[in-house]
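These notes are about the structure you will find just below.
The values are calculated or read from the model by the stated rules, or taken from the named source; none is laboratory data. Quick caveat: nothing in here was measured; it's all calculated off a predicted structure. Positions of Cβ are generated from backbone atoms using ideal geometry, with glycine treated the same way; all protein chains shown enter the neighbour counts.
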Amino acid sequence: MIGENLVQPSLIPVSMSSSNGKLLDKKPVFTNEYFVNMQATQWRKITPHGGINFTPRTGHDCIQVKEKIYLFGGTDDDDRKNDLYIYDIYTNKWSLLPNKGKVPLPRSGAKGVSYDNKLYFFGGYQKKSGNFYKDLFYYDL
């Protein structure tokens with residue numbers, strides 16, 4: 001174990017609005033730094049150790065696969081995103097995963113699931129251009 005800020009397996013990630021009350025397109029900016037302990041029913045803020053951290057955003061999707069949490073897309077202060085981050089609950093670090101193959105266009109609102117060692121993401125939208133997507137992509141883990 002690295003330190004006492006490590007996330008325990010009983011902690012579940014929850015999107016919360018940022019503590020600074022910053023708004024993005026008149027909506028709260030969300031981060032994934034809060035977890036709820038399902039055994040003790042309490043909130044605990046997690047401070048990741050080093051590594052890469054994603055920009056605060058809204059409209060992203062998170063998928064848990066074993067001891068990892070994957071974060072895809074969403075919107076930050078600048079634009080829609082199509083990046084894919086991984087958070088390891090045991091090392092308490094975020095990492096940016098490399099782009100492989102045909103990368104989905106930047107989007108918010110995509111929904112994802114994990115199946116058979118792959119992350120599947122469906123749909124989403126690019127509000128500025130008026131595009132709503134009905135495409136399906138997978139990322140091979």
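Taking the criterion of being under 26 Å from E67 (Cβ atoms) and in contact (Cβ under 8 Å) with a residue 40 or more places away in the chain, the residues of the range 124-141 that qualify are Y139, D140, L141. Listed here are the strands (runs of 3 or more DSSP E) enclosed by the range 51-130 that have at least 2 residues being under 20 Å from L141 (Cα atoms) and among the charged types (D, E, K, R): 80-88.
Selection over the range 60-86 of residues that are at pLDDT below 95, touching a strand residue (DSSP E or B) at 6+ places or on another chain (Cβ under 6 Å) and among the acidic types (D, E) gives a count of 1. Of the residues making up the range 82-102, just one is surrounded by 14 or more Cβ atoms within 10 Å (Cβ to Cβ) and at positive phi, namely N92. Please find, within the range 82-123, the residue that is nearest to H49 (Cα to Cα) out of those that are touching a Gly at 6+ places or on another chain (Cβ under 9 Å), touching a residue at least 60 places away in the same chain (Cβ under 8 Å) and of a type outside the set (F, W, Y). Top of the filtered list is N92.
Among the residues of the range 133-140, none qualifies, meaning not one is of a type in the set (F, W, Y) and in a loop (DSSP other than H, G, I, E, B).
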